[in-house]
Amino acid sequence: MWETRSVQLNVRLPREIAQQAEEVQREDPEFLSRVVLYGLTRRSIYRHLRERGDAVASTDGEAVALSP
């Protein structure tokens, strides 16, 4: 599917969530990897749509400014 590579992530989480994340990482590291991939994919899509929306909004704004 995709070419992949490993990365090292360090995050600061509230203590209780950090403990849960460590437990999941021990028990099912593949699941944690999929959760992170899902979150990053959603963020990427959101950024793309927001940038696209900003471009459309600026184009619409120019059209409105030119109307009498």
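Bear in mind that the values in this text are calculations on the coordinates, not laboratory data. Predicted, not measured: the structure shown is a model, and the values here were computed from it. All Cβ positions, glycine included, derive from the backbone under ideal geometry; neighbour counts span all protein chains shown.
For the reader, a short list of remarks on this structure follows.
- Gain in span if fully extended, Arg50 to Asp28, counting 0.36 nm per residue against the direct Cα distance: 4.6 nm
- Distance between the modelled labels on Arg43 and Ile17, one decimal in nanometres: 1.2 nm (7 Å Cα→Cβ projection).
- A DSSP coil position with no more than 13 other Cβ atoms inside 10 Å describes the following GluC sites (Glu not before Pro) in region 1-55: Glu3.
- Protection-proxy order for peptides 40-47, 5-12, each taking the mean of Cβ atoms within 10 Å per residue, highest first: 40-47, 5-12
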